[in-house]
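Below you'll find the structure, written out as structure tokens, and then a few comments.
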Amino acid sequence: MSEMYTPKPENKFTFGLWTVGNVGRDPFGEPTRDPLSPVEIVHLLAEVGAWGVNFHDNDLVPIDATPAQRDKIVIDFQKALNDTGIVVPMATTNLFTDPAFRDGAFTTNDPKVRAYALHKTMYAIDLGVELGAKTYVFWGGREGTETDAGKSPLDAGKWFREALNFLTEYVLDNGYDLKFALEAKPNEPRGDIYLATTGAMLGFIETLDHPEMVGVNPEVAHETMAGLNFLHHVAQAWDRGKLFHIDLNDQSIGRYDQDFRFGAVNLKSAFFLVKFLEDVGYDGSRHFDAHAYRSSDLADVKAFARGCMRTYLILKEKAAQFNADGEIQSLLAEILADDGSMDDFKGHYSPAKAAALKAHAFDRPALGRRGQPYERLDQLTVELLLGVR
Ligand code: GLT
Ligand code: MN
Ligand code: MN
């Protein structure tokens, strides 16, 4: 195995306890794998070369644990982190498994459940911060509806805003060094989930009391489930300084929530994504929010985890190759060619510029005759990915 494809701490590869710890349950079948303890998962992640581990409160501490049990679990987990060097960059709250959240957490019509969701999240934030988390993810899997007959989307949005405002104040009040990252998903487990795309989240963030503390955690599978171009959403988040975290996995359009190994379905999209993250210098976690096939055993789970990281590193190498390829770069130069003749019309508005632009005579037929060699460029990209360049 080439040294180049060996994961290193600076790659910031992370997995959730729930990812390599996934036991292979699905809506039609019982688990196919034995559960691993959080300590065992930390050792597994160290063995495969990951940098960090993320968790929901209840991945680590069972929802009905006593305070004494909680403290013992945290001590054991911290010891595993110390023994392996694995870090905790991100934490989150499970606001979807317990029946209390059957109608949502922050957006349910039940004010007691909304209050309980805040209560639970404050404890979960304390736990995450205690173990070193700097990013706190909000994935509202149950924040939605099957029918809009009994729930107002306006109320839901207002309640979600109030909850996030409350929690950012909680973070400030406690002096925590913690930012929030909102994760969108169009559906599953709810029929429809509110704020279904990363773009919707970006718009919502600007309505909060502390928008500077809140960004997004886009997930490949989630934008893909909605039939959208994931890279375009990541780019919009990056442009706004809001790419606080990213969930890498894979997914076919139009299927159930698959959470496949990174690069398992659409290698070309994965390539453009890795190229983007590396080109812009994204320096956050590369979190693999995926799980092994239900047919996998423990050895195959390790192969899954190694595969996520190895594919990322291979695509990173391919991105460098793309950037250094003379033929590809000359096609790009042709596509981006600018003879400077429009320079006077660029930049900020001025009345004189507007008048000059209105007076300019364009050769419209000539504009329409200019082709762009995207076919050639795309084929070169495919050949590069297939390893024949
Ligand atoms: C769950 C979900 C993921 C979220 C996790 C964080 S939980 O596995 O499918 O997309 O990122 O809450
Ligand atoms: Mn997912
Ligand atoms: Mn996710």
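Specify the angular offset, from 0 to 90 degrees and rounded to the nearest 10, of the alpha carbon long axis of helix 374-385 from the longest principal axis of the alpha carbons in the chain.
40
Hey, what do the phi angles of segment 329-337 turn into as Karplus ³J(HN,Hα) couplings, whole Hz, using 6.51/-1.76/1.60 and θ = phi - 60°, x for Gly and Pro?
5, 6, 5, 5, 4, 5, 5, 9, 3
Which ³J(HN,Hα) values, rounded to whole Hz and listed in residue order, are derived for segment 137-149 from phi using the Karplus coefficients 6.51, -1.76 and 1.60 in 6.51 cos²θ - 1.76 cosθ + 1.60 with θ = phi - 60°, glycine and proline given as x?
Couplings: 8, 10, 10, x, x, 9, 7, x, 9, 9, 10, 8, 5 Hz.
Given springs between every Cα pair under 10 Å in a Gaussian network model of the chain, which of G326, G347, G140 has the largest fluctuation?
Evaluated over the chain, the most mobile residue of the options is G347.
Hey, any idea what % of the chain's accessible area is carbon plus sulfur with a 1.4 Å probe? Don't skip to the end; give the middle numbers.
Details: 10560 of 19250 Å².
C and S atoms contribute 55 percent here.
Nearest 10 degrees is fine. How inclined is helix 267-280 to the longest principal axis of the chain, computing both from alpha carbons?
Taking Cα atoms only, the helix is inclined about 80 degrees.
In segment 1-82, what trypsin sites (Lys or Arg not before Pro) fall in a loop by DSSP, with at most 16 other Cβ atoms inside 10 Å?
R25
Enumerate the calculated ³J(HN,Hα) couplings along segment 212-224 in order (Karplus 6.51 cos²θ - 1.76 cosθ + 1.60, θ = phi - 60°), each rounded to whole Hz, writing x wherever the residue is Gly or Pro.
Calculated HN-Hα couplings, in order: 5, 8, 10, x, 10, 10, x, 10, 3, 5, 6, 5, 5 Hz.
Please identify, among L45, L367, L118, the residue showing maximal mean-square fluctuation in a Gaussian network model of the chain using a 10 angstrom Cα cutoff.
Its mean-square fluctuation being the largest, the pick is L367.
Express the accessible area of the chain per residue in Å², computed with a 1.4 Å probe while the remaining protein chains stay in the model. It would help to have the intermediate numbers written out before the result.
Numbers: 19250 Å² over 389 residues.
Result: 49 Å² per residue.
Report, ordered by chain and residue number, the lysines lying within cross-link reach of K358, taken as a straight Cα distance under 26 Å and ignoring same-chain residues fewer than 8 apart.
The reachable lysines, counting only those whose Cα sits under 26 Å from K358, are K346.
Quick one: net charge of R389's neighbours, Cβ under 9 Å, K/R +1, D/E -1?
-3
The values are calculated or read from the model by the stated rules, or taken from the named source; none is laboratory data. Because the structure is predicted, anything quoted here is derived from the model rather than measured. Every residue, glycine among them, receives a Cβ derived from its backbone with ideal geometry; neighbour counts consider all protein chains shown. The area values use the complete protein model at the heavy-atom level, side chains included, leaving out ligands, DNA and RNA. Shrake-Rupley method; radii C 1.70, N 1.55, O 1.52, S 1.80 Å.
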